[in-house]
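Notes follow once the structure below has been shown.
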Amino acid sequence: MTFVPSPLAAKREAGHQLDQVQNGRDPDDWKPMNTVGQGVKEIRIRDAAGAFRVIYVAKFADAVYVLHCFQKKTEKTNKTDLNMAASRYRDLLKEVGS
């Protein structure tokens, strides 16, 4: 798999939205991702370059954990992206002891 960096504007917007989460606010455009895990949410970013997603969990007191970031290429989220986020979520739960 080749990594293609996302456009700078989308990266900056993702950073801004994560900053809002760190400060106790909801992102501007998000949805719950219960299929990935309890408390997992998805930030939705759209710009001229396309649609981007940041899957994260913020239910732990010490940090916001970004599980996966990607550019959407189709209407439905790719199962590979969901599986990657779910696997990282399970690993996180083991690490934090929940």
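Here are the numbers for this structure:
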read-out	value
Verdict on GLU95 being in a loop (DSSP other than H, G, I, E, B), surrounded by fewer than 19 Cβ atoms within 10 Å (Cβ to Cβ) and out of contact with any Phe, Trp or Tyr (no Cβ under 8 Å at 6 or more places or on another chain)	no
Any hit, the stretch 3-22, residues being surrounded by fewer than 18 Cβ atoms within 10 Å (Cβ to Cβ), modelled with pLDDT under 95, among the aliphatic types (A, V, I, L, M) and part of a loop (DSSP other than H, G, I, E, B)	yes
Failed item in (1) in contact with a Gly (Cβ under 8 Å, 6 or more places away or on another chain); (2) in a strand (DSSP E or B); (3) among the hydroxyl-bearing types (Ser, Thr, Tyr), with TYR89 passing the rest	(2)
Which numbered condition THR35 misses (of (1) touching a strand residue (DSSP E or B) at 6+ places or on another chain (Cβ under 9 Å); (2) open to solvent by 60 Å² or more (accessible area, probe 1.4 Å))	(1)
Search result, residues across the stretch 27-52 that are more than 12 Å from ALA86 (Cα to Cα), in a loop (DSSP other than H, G, I, E, B) and at pLDDT 95 or above	PRO27, ASP28, ASP29
Filter pass, ASN78 being over 22 Å from PRO7 (Cβ atoms), out of contact with any Asp or Glu (no Cβ under 8 Å at 6 or more places or on another chain), loosely packed, with under 14 Cβ neighbours inside 10 Å and not aliphatic (A, V, I, L, M)	no
Unique match (being in contact with a strand residue (DSSP E or B) (Cβ under 6 Å, 6 or more places away or on another chain) and small (Gly, Ala, Ser)) among ALA85, ALA61, ALA49	ALA85
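The values are calculated or read from the model by the stated rules, or taken from the named source; none is laboratory data. Not measured: the values here are computed from a predicted model. Positions of Cβ are backbone-derived with ideal geometry, glycine not excepted, and every protein chain shown enters the neighbour counts. Ligands, DNA and RNA are excluded from the accessible area calculation, which covers all protein heavy atoms including side chains. Shrake-Rupley method; radii C 1.70, N 1.55, O 1.52, S 1.80 Å.
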